[in-house]
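Peer 1: Got a structure for you, written out below as structure tokens; questions coming shortly.
We did not get these values from a lab; they are worked out from the coordinates using the rules stated. Everything quoted here is computed from the prediction, not taken from an experiment. No Cβ is skipped: glycine too gets one built from the backbone with ideal geometry, and neighbour counts run over all protein chains shown.
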Amino acid sequence: MLQQRIHIKTPVKSHKINIFALPNFIMSMRPTLIRLLFLLGMFSAVSGKAQRLSLAYVDSDYILSRMPEYQSAQQQLNESAVQWEKDALDMETALLQMQRDYSAEEILLTGEQRKERKNAIEQQEKKLISFREEKFGMEGALFKKRAQLVKPIQDKMFDAVQNVAKAQGLDYIFDKASGVQMLYANPRHDKTFEVMEELGIPLSENEIKNEAKKENK
């Protein structure tokens, strides 16, 4: 029955935008840190050199949250998502009204009128599904806009991380926010504030105090 099929409601999903969900780009690896360090140690042993690896880490989420470019990008993405959600909700409301009207008037309609109304409801359903996919799908407008806004921020941070690594002679910098399981991390090896300074982000009073504490440990 049409009535049973068209009353399956597909509510508008909430699309909370968070551009912290970036591709892992700062030597971020999914294996545990222990396994990774073991592999690095094996590599050094095979090379025949008793070379001590110089490791450090950063928190890309924290750095992004302190970048003005991130704030602007976040706002633009949220504004687009809110507007598109509103448009989808309007389309869904129209669809539900069409369904209610058909249910109330079906007994009064001729066979041809029923067919026309059914077709109109089906077209509205397709329109809603297509709109959601176009805006919120994996290759949708929101995905593309996020990539467009995030890439310059991502590249800028990556360059700053590389500069800090080269200036301090570091072999590897891991991203604390990338999913690498850090069972323990000495704060002295946290280069987050150094990367922020490289980006020209002034440290707050609390951040300066934390940096001083880190150096004294």
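Peer 1: Which FRET efficiency value, to the nearest 0.05, do you get for TYR184 and ASP159 by plugging their Cβ-Cβ distance into 1/(1 + (r/R0)^6) with R0 = 35 Å? Display every interim value, and only then the final one.
Peer 2: Values: r = 29 Å, r/R0 = 0.83.
The formula returns an efficiency of 0.75 here.
Peer 1: Along its principal axes, what span do the Cα atoms of region 73-143 show, with the longest given first and each in whole Å?
Peer 2: 53, 19, 10
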